[in-house]
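Just below is one structure, and these are the notes that go with it.
Computed from the coordinates by the stated procedures, all read-outs in this text should not be read as laboratory data. As the structure is a computational prediction, the values presented were derived from the model and not from experiment. When we count neighbours, we look across all protein chains shown, and the Cβ atoms used for this are built from the backbone with ideal geometry, even at glycine.
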Amino acid sequence: MKKFIYSLALIFMLGVSANTVVAAEKSEKNKTEMTVEQQAQLRRITERVEEIKSMDKSNLSKTEKKELRKELRELKKQSKAVGGGVYLSVGAIIIIILLLILIL
């Protein structure tokens, strides 16, 4: 019975991963180039993130640190909106499936 459940779970996971791979391939084909404005905005966002990372945060107050975190979250949202989505590679999907199988 246990082998049957594991085999069903494996078949289900492989089916889901195959659909994800097909969807990723379709999205790569439909991917459009970013405009000059979008590239400039993305460049500004990355420069600001690098500035924040290189700052010495040890002498900042709690409120200033909170403001920096809020700004970083907002920059992350903006970069996702401009740059597109996040795609999982086939290797990452296989690793996730194997971890799920080991846990079950």
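Working from label points 7 Å from Cα in the Cα-to-Cβ sense, the Ser54 to Ala9 distance is 4.8 nm. Shape verdict for the stretch 39-104, please, from the Cα gyration tensor: rounded (a/c under 1.5), prolate (a/b greater than b/c) or oblate. In terms of gyration-tensor shape, oblate.
Once you have the Cα-Cα distance between Ile95 and Lys66, take 0.36 nm times their residue separation minus that, and quote the gain in nm to one decimal. Don't skip to the answer; put the middle values down first.
Values: separation 29, 0.36 × 29 = 10.44 nm, distance 3.52 nm.
Gain on extension, Ile95 to Lys66, equals 6.9 nm.
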